[in-house]
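The values are calculated or read from the model by the stated rules, or taken from the named source; none is laboratory data. These numbers were taken from a predicted model, which means no experiment stands behind them. FYI the Cβ positions are ideal-geometry reconstructions off the backbone, even for glycines, and counts take in every protein chain you see. Note: areas computed on protein heavy atoms with side chains; ligands, DNA, RNA excluded. Shrake-Rupley method; radii C 1.70, N 1.55, O 1.52, S 1.80 Å.
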Amino acid sequence: MSVSSTRDFGAGRARSAAVWLSGMACALAVIAGGGARAQDASPPPPLSIIAVPPASSLPPSPSSSSPPSPSLDAVGILTPDKGGLGPTLWAGSSVELVRRLLADVPVAAPSPSQRRLTLRLLLSAAEPPAGDESGTSLAPLRVAKVAALGATTDLERLLAVMPGGRDNPVLATVLATAPAPGDPAGLAALARSEGTEPTARIEAAERAAATGALSGVDLAAAYASVQFAPAALARPLSASEPGARARALVYQATIAESQPAVRAELIEHWFHLLEPAQAVGPVAAVPLAVLARLPIEATTVWLAPTAVRAFRAAGQPEGAAPWLKGPATPVEAGALLRLWPLTVLAEDQTTKIGGSNGFDAWLTAALADTDAGRRARVAGVLALLQAAGEPVKEEAWVETADKTAGNGAPTATAMPSPALWQTLNAATAGHRVGEVVLAALTLLGNGGPQALPPVILAQVVTSLRAMGLSAEARGLAREAVAAVLE
């Protein structure tokens, strides 16, 4: 369906806004109420529209938790039965290397999978690494990173099991330090303040939400705080608002719209306004909550490709399933077929398009009339599928080869620090879990998985899977693939 830029979206707003706002509040309350359970015995599931991580990704600890260790470095709120990485997390690693890597762990990456992995590492109870004779080498760094992430509930729970807690002099300086302006904690505080200028508030809210430090409820509140001219609200698709203001405008227009067909057009436009890194985390949770309440009927079923892509990108195949039940037009069927890799990486085993032939059908469609750039993107998807544990046929690599290779200068590929690359590979070979996670997180950086060349991310994914961290590995691959699929 084509989107009309001249449609008057003001009709019916007054009679429906109150009802729709009430429904949105309920939907977003559901989002905020189900944080990802990072301390369960099994690894945490991918990000969910029903489980967008707010400031904390961990539920309250039972009152019968184990007594704290006398060593600050050894204590944590995650034991192996609650999702911790195990008491031998630092076995075989030196404290000097661990401290250097831990100091460089990024906190502002727009990746739910990366955030969950970071918190699992920082909150795990484990014996200190070799050479940590004082028992206080890592504790200040761990506390500082959790605070910077904006994981306030997790921070309080961690301090509660550390000897001395907030009154421990080793931690006092860390806790007294204000978050850096670009840290998620500082951005979240700015976004929650009603005194912040509206545009600055929604920009901070989106950045904080992208890192997981702000919930969908708080982001929606920030969107609602911006005032727009009635003419802009009546015709949001043709408004000239930039960036975060454009998303705030379409949010307000959508929740006030009563007609499903018009709401579907607004939702499609909303997802097109999202930046690639926003499509896999809490920023996308707000339009996903609206989409989840949209009736699937004759006037909205055309939205299926957008809906399926959005739910699978967020790791929620169950949300996509209802959109796959009806017949699709040839155009819609082709668009759905191109999403096959997301089907696999979202672990949607019941609705794989094309069944056992899904891979072949997707590859044929993806490589039809392609240029060198698209072939390179398809090859990157293959690398990530294989790294995530999915079988990739050998002939597929030949199909994706650039037919013009050798006719010009080789394409440069950004490479990581050789020392960091060696650390990752050596730690993987030695099965040094903590060291692998630290090296992987540092390689990912604040850009997250979508910013890494596929060949480098594939090694990160492979190393994490080798350490038994398959859920996080597949989540990182899914987030990267979601950004490159057309």
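Tabulated results
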read-out	value
Inter-probe distance in nm under a simple model that places probes 7 Å from Cα toward Cβ, at Val398 and Glu156	6.2 nm
Alpha-carbon Rg/Rh ratio, for segment 122-274, with Rh computed the Kirkwood way	1.16
Förster-model FRET efficiency, 25 Å R0, Glu194 and Ala229, C-beta, rounded to 0.05	0.70
Amide H contacts under 5 Å for Ala130, placed H, 5+ residues apart	Gly92, Ser93, Val95
Cα shape, segment 241-312, gyration tensor, a/c 1.5 rule	oblate
Computed accessible area, Tyr251, all protein chains, 1.4 angstrom probe, square angstrom	10 Å²
Span from the segment 307-323 Cα centroid across to the segment 360-397 one, whole angstrom	22 Å
Contour minus Cα-Cα distance for Ala333 and Ala321 (0.36 nm per residue)	2.9 nm
Cβ-Cβ FRET estimate between Ala180 and Val455, R0 fixed at 41 Å, reported to 0.05	0.80
Nitroxide proxy distance, nm - points 7 Å out along Cα→Cβ at Thr299 and Glu96	7.0 nm
GluC sites (Glu not before Pro) restricted to DSSP loop in segment 158-231 with at most 16 other C-beta within 10 Å	Glu194
